[in-house]
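All of the numbers you see were taken from the coordinates with simple rules; none came from a lab. Since the structure is predicted, the reported quantities are computational estimates derived from the model, not experimental observations. Neighbour counts run over all protein chains shown; Cβ positions are idealised from the backbone, glycine included.
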Amino acid sequence: MKYVVTLCSAIIWGSGQAINKQWIKGAVFFIVQCIFWFVELSTGLLDVITGRAEPLFRNCGYFIRGLWGLITLGEIPRLDSSVLVFDHSVMLMIGGIISTFILLLFILVWIWNIRDAYKTHVLIDHGQKQSSLDYVKGLWEKSFEYIMITPGALLVLFISVIPVLFSISIAFTNYNRNTVPPRNLIDWTGFQTFQDIVQIPIWGTTFVSILIWTICWAFLATFSAYSFGLLNAVLINTKGILFKKFWRGLYVLPWAVPGLVSLLVFRAMFNRQGAFNTLLMNMGIIDEALPFLSNSTWARTILVLTNVWLGFPYFMSLISGVMTSISPELYEAVDVDGGGGWTKFRAISLPAILTATAPQIVMSITFNFNNFGHVYFLTQGGPPNPAFQMAGSTDILITWLFKLTLDQRMYNYAAAISIIIFIMIATVSGINLMRTRAFKED
Amino acid sequence: MVHKHNTSHVIRRYIVRGIIYLWLVIVAIIVLYPLLWVIGSSLNPINSISRASMIPEGATFDNYVRLISETNYLTWFRNTGYVAIMTMLFSVMLNITTAFVFARFKFRGRKAGLLAVMILNTFPSFMGMIALYMIALNFGMLNNLNMLVIIYVAGSIPTNIWLVRGNLLNLPKSLDEAAYIDGASKMQVFLRILLPLSLPIVTFIALTTFMSPWMDYMLPRLLINRTEVTTLAIGLFRMLDPADSANYDFTAFCAGAVLVAIPIATLYMIFQRFLIEGLASGANKGE
C-alpha cells in the first residue's frame with residue numbers, strides 16, 4: 001500500500017497525501033504542480049500540442065525552451081533588421097540557466113512530496129496520525145533554519161551564483177567582440193579559449209607578467225603600509241611623547257577619507273601639471289615635469305607610495321591597540337635585566353605585535369591582490385604597454401580583467417582567465433581552510 | 001659619577017624626543033598636504049589643475065555654488081544616500097539572520113553552504129557583471145537604483161557571513177540552552193538573547209554596508225547611464241576625466257570631493273573603534 005501511495009504522489013502531486021487524509025498538505029503540493037504545468041503550458045507548450053505552433057523545441061514552454069536554449073544557444077541569427085524571429089544566444093544562455101534552476105527547485109519539491117507521502121504512510125501503518133495543522137506547526141520549528149536562510153539564499157543564488165555560472169559558461173564559448181549577438185550566434189567551443197591563452201604567445205606573456213606584478217604589488221603594498229604603521233605606532237607610544245591622542249587622531253584621517261576621493265585627488269596631484277611637479281620645480285629640484293603616471297617605473301612607485309598613505313592608519317590603530325594590551329611587567333623584567341628601549345621592542349613588543357596581527361597581514365595581502373580601486377582610480381592601469389595584450393604596465397589581474405570585459409569586450413578570454421585565477425587561489429586557500437580548526441569542528 | 005651619567009642620559013633622551021617630534025611633524029605634513037590641497041583647490045577662483053594650490057589667491061566659494069546650482073551634485077548625493085541606507089537596512093537584516101542560523105544550528109547543507117560562500121568569494125566581484133547586466137536588461141531594471149541595492153545586499157552576504165558567524169560562535173551556547181529549557185522558540189532566542197549581545201558586529205556591518213555604495217564605481221557604471229539616477233562615484237570620476245570634456249571641471253570636483261569626504265570621514269572617526277574591532281575579529285573566523 002505504501003508504494004501505491006508513493007507512486008500516486010509521484011504522478012499527481014499531493015494525491016498520496018490525500019489518500020493519507022492530509023488534505024491541506026496534499027492540496028498545497030497539488031497547487032505547486034498546477035503552477036508548474038500552467039507555466040509550461042501557457043508559455044507555449046499548449047500551442048504546440050494543439051497545433052497552433054510548429055512542433056519545435058523553440059516554441060515549447062518556459063522550461064523546455066530554456067533547456068533547448070542552453071544546449072543549442074540558438075539557431076537563427078539576426079543578419080539584418082528584416083529578420084523578425086531570431087535567437088539571442090546570450091539571453092538564451094542566461095534564460096536557460098535561470099529556468100534550469102527553477103526546474104531544479106520544482107524537482108526538489110517533487111521529491112519532498114514523494115518522500116512525505118511515503119513517510120506519513122509508514123507512520124499511519126504504525127498507528128500514528130498527524131493532521132496537516134500539526135504538521136505545519138512542527139514544520140515552522142523544524143525547518144526554522146531553512147526558512148530563515150531562504151531569502152538570503154535566493155538572493156545569493158540569483159545575484160551571485162547564476163552570474164558566476166554564466167561567466168564560467170562564457171569561457172567555453174566564442175562570445176567576444178567578434179561574435180556579437182543577435183547578429184551572430186554564439187557556439188560552445190569547449191576548451192578552445194584556454195588553448196588560445198596557452199598557445200597565442202601574447203596572451204600567455206601578458207598573463208604571466210601581470211600575475212607577477214600583481215603578487216609583487218600585493219606584498220609590497222601590504223608590507224610598506226604595515227611597516228610605516230608600525231613605526232608610527234611605536235613612536236607615538238614612546239614614553240614622554242605628549243599629545244598621543246592628537247597624533248593618532250590626525251594620522252587616522254587618510255583612512256577616514258573615502259578612498260575614491262583621495263585617489264582621484266592624488267591622480268590630479270601627480271598630473272604633469274599637478275601639485276607635486278609644480279612644487280618640485282618651484283623648489284628648483286627638477287627642471288622639467290616628471291612623468292609620474294606616464295612612466296611605468298614611476299607609476300608603480302607612486303602606486304606603492306600612495307598606498308602607504310592610505311593604508312598605514314589602519315595598521316597604526318591596530319598595532320596601537322595591541323601595544324596597550326602588552327603587560328607592563330614584561331617590560332619591567334627587561335629593566336631588571338638591564339636592557340634598553342631597543343631590547344624591549346625587539347624582545348617583547350615586536351613578537352607580540354606580529355603574532356596578534358598576522359591574520360590581518362594575510363587579509364591585507366589578499367585584499368591588495370584584488371585592490372581594483374587603487375589601481376584603476378590612480379592610473380587606470382596605464383601607461384599602456386604595447387607588449388601586453390590590452391593592458392598597461394600597472395594593471396593588476398583584476399583591472400586587466402575589468403578592461404577585457406567592459407572596454408574590450410573579450411568576454412570569453414576574461415572568463416577563462418578568471419577561472420584560471422580561481423583555480424590557483426582555490427587550491428591555496430582550500431588547503432588552508434581544510435586545516436583550520438573552525439572547519440574541522442563543524 | 002652617577003650625577004654625570006644622568007646628565008648625559010637626560011641630554012640623549014631630549015635629542016631622541018626631538019627627533020621623534022620632528023618625525024611626527026613631517027608625517028603630519030605628509031598626511032595633511034593632499035587634504036589641504038584639495039580644500040585649497042576647491043576655493044580657487046581659477047579652474048585649472050596647474051594653478052591649484054593650498055592657499056589660493058582670492059579664495060571664493062564660487063565652486064561650491066557652481067557645483068550645487070549647475071551640476072547634478074545634489075541629485076547624485078540623494079541617489080547615493082538612498083542606495084546606501086536601503087543597502088544598510090537589508091544587509092543587516094539578512095546578514096545577521098543568516099549568520100545566526102549558520103552559527104547555531106546543525107542542518108543538512110550547512111557545511112556545503114559555508115563552502116559555497118567561500119568559493120563565491122574567490123571569484124572576482126565583477127565576474128558576473130555581464131550576466132547581471134543581462135538580467136537587469138531582461139527585467140527592465142537598468143537605470144534603477146533598487147537594482148543596485150539588490151546587488152549590494154546579495155554581495156554583502158557572502159562577504160560577511162563568516163565574520164558574523166564567527167562573532168556569534170563566540171557567544172556562550174549555554175545562554176541559548178537555558179532559554180530553550182524555559183520554553184523559548186528559536187526566533188525568541190535570536191531576537192531577545194543573541195541580537196542584543198551582537199550589537200558591535202551589527203554596528204560594523206551597518207557601517208561598512210552604508211559606506212561602500214558611496215565609493216563604488218564599477219556597478220553603477222555598468223547599470224546606470226541616465227543623469228537622474230547617477231551616483232556620486234560616477235559623477236565625481238567624470239569631473240576629473242580629461243577625455244570627458246562636457247563634464248570636466250577640476251575645481252568643482254574638488255568642492256564635491258570635500259563635501260562628500262567630510263560626512264563620511266566624520267562617521268569613520270566616530271565609529272573607528274567598531275571598525276577596527278570588526279576588521280580584527282574578521283580574521284579569526286570562528287576559531
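Normalising the average separation of contacting C-alpha pairs (under 8 angstrom, six or more residues apart) by the number of residues puts the relative contact order of segment A:2-190 at 25 percent. Which one of A:Gly95, A:Gly16, A:Gly138 has the biggest mean-square fluctuation once chain A is modelled by GNM with Cα springs under 10 Å? Of A:Gly95, A:Gly16, A:Gly138, the most mobile in the Gaussian network model is A:Gly138.
Within chain A, the longest segment free of exposed loop sites, counting trypsin sites (Lys or Arg not before Pro) that fall outside DSSP classes H, G, I, E and B and have at most 13 other Cβ atoms within 10 Å, spans A:240-442. In chain A, the longest principal axis of the Cα atoms and the axis of helix A:2-11 are about 80 degrees apart. Which shape class, rounded, prolate or oblate, goes with the protein assembly as shown when its Cα gyration tensor gives a ≥ b ≥ c as root eigenvalues, a/c under 1.5 marks rounded, and past that a/b bigger than b/c marks prolate? In terms of gyration-tensor shape, oblate. A dipole drawn for chain B from +1 and -1 charges on Cβ atoms has a positive end, and of B:Leu195, B:Tyr33, B:Pro158 the residue lying farthest that way is B:Leu195. Taking label positions 7 Å along the Cα-Cβ direction at both A:Leu157 and B:Ile46, the computed distance is 6.3 nm, reported to one decimal.
Dividing the summed helix terms, -39500 (n - 2.57) for each DSSP H run of n ≥ 4, by the number of residues in chain A produces a 222 nm estimate of -22000 deg cm²/dmol to the nearest 500. Counting only alpha carbon atoms, the long axis of helix A:62-72 and the longest principal axis of chain A meet at about 60°. For segment B:188-282, trypsin sites (Lys or Arg not before Pro) are listed when DSSP marks them as loop and at most 16 other Cβ atoms sit within 10 Å of their Cβ; the list is B:Arg226. With R₀ fixed at 22 Å, the C-beta to C-beta distance from A:Thr301 to B:Trp23 puts the FRET efficiency at about 0.50. For chain B, the number of Lys pairs separated by eight or more positions or lying on different chains, with C-alpha atoms closer than 29 Å, is 9.
In straight-distance terms, cross-link reach from A:Lys142 covers every one of the aspartates and glutamates whose alpha-carbon lies under 19 Å from its own, apart from those fewer than eight places away in the same chain; here that gives A:Asp116, A:Asp134, B:Asp176, B:Glu177, B:Asp182. Comparing B:Leu279, A:Trp255, B:Met88 along the charge dipole axis of the protein assembly as shown, the residue lying farthest to the positive side is B:Leu279, per the Cβ-charge model.
Here r is the Cβ-Cβ distance between A:Lys142 and B:Leu175 and R0 is 22 Å; the resulting FRET efficiency, rounded to 0.05, is 0.50.
Scan chain B and note any complete DSSP helix (H) whose C-alpha atoms cover at least 20 Å along its axis and whose Kyte-Doolittle average is 0.0 or more. Membrane-span-like by this criterion, though nothing is claimed about a membrane: B:2-42, B:73-104, B:145-169, B:199-215, B:250-282.
Springs between alpha-carbon pairs under 10 angstrom, Gaussian network model over chain B: which of B:Pro220, B:Pro45, B:Pro196 fluctuates most? Most flexible of the set in this elastic network: B:Pro196. The angle between the Cα long axis of helix A:259-269 and the main principal axis of chain A comes to about 50°, on a 0 to 90 degree scale.
If you plug the beta carbon distance of A:Ser81 and A:Gln192 into 1/(1 + (r/R0)^6) with R0 = 30 Å, you get a FRET efficiency near 0.45. Taking amide H as placed 1.01 Å from N in the peptide plane, the amide H of A:Gly392 sits under 5 Å from that of A:Asn385, each at least 5 places away or on another chain.
Run down the aspartates and glutamates and flag those whose C-alpha is under 20 Å from the C-alpha of A:Lys344, throwing out any fewer than 8 positions away in its chain. Cross-link targets: A:Glu329, A:Glu332, A:Asp335.
Positive end of the dipole of segment B:203-280 (Cβ unit charges, origin at the Cα centre): among B:Gly256, B:Thr209, B:Pro220, the Cα lying farthest that way belongs to B:Thr209. Pick out which of B:Arg12, B:Arg66, B:Arg104 has the largest mean-square fluctuation in a Gaussian network model of chain B, springs linking Cα atoms closer than 10 Å. Result: B:Arg12 has the largest fluctuation of those listed. Relative contact order, whole percent, for chain A stands at 15, derived from Cα pairs under 8 Å and 6 or more residues apart. What you get for segment A:216-335, charging only the Cβ of Lys and Arg (+1) and of Asp and Glu (-1), is a dipole of about 320 debye around the Cα centre. Dipole size of segment B:72-282 about its Cα centre, with +1 on Lys/Arg Cβ and -1 on Asp/Glu Cβ: approximately 740 debye, rounded to the nearest 20. With the simple spin-label model, which puts each label point 7 Å out from Cα in the Cβ direction, the A:Leu41 to A:Ile431 separation comes to 5.8 nm.
Charge dipole (Cα centre; +1 on Lys/Arg Cβ, -1 on Asp/Glu Cβ; no other charges) of the protein assembly as shown amounts to roughly 1400 debye.
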